[in-house]
1. Angle between the Cα long axis of helix 18-37 and the longest principal axis of the chain, 0 to 90 degrees, nearest 10?
2. Please work out the average accessible area per residue across region 67-128, using the 1.4 Å probe convention, and give it in Å².
3. Going by the alpha-carbon gyration tensor, a ≥ b ≥ c the square roots of its eigenvalues, is region 76-146 rounded (a/c under 1.5) or, if a/c is not under 1.5, prolate (a/b greater than b/c) versus oblate?
4. Where does the chain land at 222 nm, in deg cm²/dmol rounded to the nearest 500, when only DSSP H runs of n ≥ 4 count, each adding -39500 (n - 2.57), divided by all residues?
5. I'm spelling it out carefully: the read-out is Cα extents along the principal axes in Å, the candidates are (1) 46, 39, 30; (2) 91, 43, 27; (3) 43, 30, 29, and one was derived from this structure. Which label?
6. So if I place +1 on the C-beta of Lys and Arg and -1 on the C-beta of Asp and Glu, and nothing else carries charge, what would the dipole magnitude of the chain be about its Cα centre? I want it in debye, nearest 20.
7. Given the C-alpha centroids of region 42-64 and region 89-129, what is the distance between them in whole angstrom?
8. Among 99, 66, 51, determine the one that fluctuates most according to a GNM of the chain built with springs between C-alpha atoms less than 10 Å apart.
Amino acid sequence: MTQLIFPLDTNHHETMFGGKLMEYMDKVAAISAMRHARKQVVTASTDSLDFLAPIRVGEVIEVEAFVTWTHRSSMEIYVTVESENLYTGERRKTVTAFFNFVALGPDGKPSPVPAVIPESEEELSLHASAPERHQLRRKRKQDRDRN
């Protein structure tokens, strides 16, 4: 997704609202998850949402996502945002996050998804570290369910 950032997209510092950016990231992550699973999906959680640099009025952002790993019915999607100053051509990574989605069958219940076959160095690295993130999410859920 590519978007030009207008004044209505920003706060009083003339930097983009985090919530607006999260909406774009969730949409792109959902598209990635649906393309992988070829099923309906729902957002289950968001991890490690890191704002690395501000996005300013007049800049363009590119939001990209890909599935890094799957479990039975869940998918981890890595989302990155790059901003670009159209006048100077300067580009920088501004936000990264992991989104987690669950695929749904026609009955609305969790449904199996195909495995990921990583190819690039980045994909291989994220795929290898995904089981640890998955375990942390499970522990967080167990801790929350106990309280």
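1. On a 0 to 90 degree scale, this one is about 40.
2. Details: 3260 Å² over 62 residues.
On a per-residue basis, region 67-128 sits at 53 Å².
3. Values: a/c = 1.98, a/b = 1.86, b/c = 1.07.
Prolate, since a/c reaches 1.5 and a/b exceeds b/c.
4. Computed ellipticity for the chain at 222 nm equals -11000 deg cm²/dmol.
5. Identified label for the calculated read-out: (1).
6. On the way: 19 positive and 21 negative charges, 173 e Å.
Dipole about the Cα centre, nearest 20: 840 debye.
7. Here the two parts' Cα centres lie 15 Å apart.
8. Of 99, 66, 51, the most mobile in the Gaussian network model is 51.
The values are calculated or read from the model by the stated rules, or taken from the named source; none is laboratory data. None of the values given here were measured: they were computed from a predicted structure. Cβ: placed from backbone, ideal geometry, glycine included. Neighbour counts: every protein chain shown. All accessible areas refer to the heavy atoms of the entire protein, side chains included, with ligands and DNA or RNA removed. Shrake-Rupley method; radii C 1.70, N 1.55, O 1.52, S 1.80 Å.
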